[in-house]
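Worksheet: the structure to be examined is printed underneath.
The numbers here are math on the coordinates, done by the rules we state, and not lab data. Here the structure is a predicted model, which is why all the values come from computation and not from measurement. Don't worry about glycine lacking a Cβ; one is built from the backbone with ideal geometry, like all the others, and counts go over all protein chains shown.
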Amino acid sequence: MRTRVWLSVLAVLSLGASACVMAPLQPGYTECGDFMGDDPCQPGQYCADATLSYCELGCTSDVNCASNQECVKEYGEQVGVCLNTCPSCAYD
């Protein structure tokens, strides 16, 4: 009987822990790492090496930027910078 109770408790705890890991990240935060518990890259950073969980400054797409920013890259470059967008600016 005690074994069943402990197994039930362990099952509930493991489900609760996995739910926290599977929660979506905030805009601009990106996964980086092959192991559970690795810290995500902050907005304005991209994952340079998933094996070492290494983040570098810059962006490879808008996913790496905050919700009010966009990734701007020079022609031919793979890595850019996150720049603020101006929704009220009129573009000609």
For the range 25-84, report the convex hull volume of the alpha-carbon atoms normalised per residue, in Å³, without decimals.
63
The simple spin-label model distance between Val63 and Gln26, using points 7 Å out along Cα→Cβ, in nm, is 2.0
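Rank by packing, highest mean first: peptides 59-70, 42-53, with packing defined as the count of other Cβ atoms within 10 Å averaged across residues. Display every interim value, and only then the final one.
Values: 59-70: 17.5, 42-53: 15.9.
Sorting 59-70, 42-53 by mean packing, highest first, produces 59-70, 42-53.
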Each label point is 7 Å from the Cα along the Cα-to-Cβ direction; what then is the distance between the points at Tyr54 and Gln78, in nm?
1.3
